[in-house]
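Worksheet: the structure to be examined is printed underneath.
The values are calculated or read from the model by the stated rules, or taken from the named source; none is laboratory data. A quick note: this is a predicted structure, and the numbers were derived from the prediction, not measured. Using ideal geometry, Cβ is built from the backbone for each residue, glycine included, and neighbour counts are taken over all protein chains shown. Just so you know, the surface numbers come from the protein's heavy atoms only, side chains and all, with ligands and any DNA or RNA stripped out. Shrake-Rupley method; radii C 1.70, N 1.55, O 1.52, S 1.80 Å.
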Amino acid sequence: MTLKVLNALVFLSTLTLVGAAHAGPMVGLQARDLDGNVDNGPEAFYDPALNITWLADANVRGRTPEGTYNGMGGLSSWYSAMEWVANLQVGGFDDWRLPSALNRDGSAPCTGFSCTSGEMGQLYYVSLGNAFQSTERKVGGFVHLETYLYWTSTSVPDSGAYDRKRVFSPNLYGNGYNGHQDSYPGFISTGAYAMAVRDGDVASPVPEPQTLALTLIGLTGVLLARRRRVL
């Protein structure tokens, strides 16, 4: 191996570290592989604090033929979202569900901003590090995290003529409702997005980019030292 090649490896390793730093780590989430190919990145993230696993694609339904609502990929009624996630099979798992809005102790969901005790509140505020009503939109390693409402599985009774289902918005149109959680009368028949989550871990960790880069730098250093001894 020539010195020029070794220098290139060090440079590429440094770029990997810089890129990983700019991406920003997600607090408490661990990358998981579901397709057996670690080179294409994680397909899921495990949250040990809640013992749940999120699909990394926050709008996976939007890339399926049936996943459209009024021409907008991934939007659907609450009933349709519940049926979709009940039949979802990814990575050999068929127990995916919509996230719960209930607090960790099982009590009724929080309404408003900074509702961090529910599953999506934990994800939005704690794991991704978003602030309520902030114009900065942090998505971490998730892809296709849409700017609109997301369904949860949690329902609340309605005193009127309509069903009410509690929904959570990680970013509602960027109009000041970012991170707001509430229930809306009659909303279950209109469209919102759906994230898939399951209880427990899928137990296939993906090496962090920083770890891979440091390993490459270490190997490069060994090769450089060996080359110097030979010369």
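Computed quantities for the displayed model
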quantity	calculated
Residues being β-branched (Val, Ile, Thr) and open to solvent by 80 Å² or more (accessible area, probe 1.4 Å) - total across the stretch 71-92	0
Segments classed as strands (runs of 3 or more DSSP E), wholly inside the stretch 136-208, with at least 3 members that are at pLDDT below 80 and within 20 Å of Thr116 (Cβ to Cβ)	164-168
From the options Ala49, Ala31, residue that is open to solvent by less than 20 Å² (accessible area, probe 1.4 Å), of a type in the set (A, V, I, L, M) and either at pLDDT 90 or above or part of a loop (DSSP other than H, G, I, E, B) (or both)	Ala31
In the stretch 108-129, the residues that are in a loop (DSSP other than H, G, I, E, B) and open to solvent by 10 Å² or more (accessible area, probe 1.4 Å)	Ala108, Pro109, Cys110, Thr111, Phe113, Ser114, Thr116, Ser117, Leu128, Gly129
Which numbered condition Trp96 misses (of (1) modelled with pLDDT under 95; (2) in contact with a helix residue (DSSP H, G or I) (Cβ under 7 Å, 6 or more places away or on another chain))	(1)
Pick from the stretch 22-61, criterion over 11 Å from the mean Cα position of the chain (by Cα) and polar (S, T, N, Q), ranking: nearest to Gln89 (Cα to Cα)	Asn37
Candidate set from the stretch 82-91 (those that are over 12 Å from Val60 (Cβ atoms) and either assigned to a helix (DSSP H, G or I) or in contact (Cβ under 8 Å) with a residue 24 or more places away in the chain (or both)); member that is farthest from the chain's Cα centre (by Cα)	Glu83
Among residues of the stretch 93-107, those that are open to solvent by 40 Å² or more (accessible area, probe 1.4 Å) and in contact (Cβ under 8 Å) with a residue 40 or more places away in the chain, counted	5
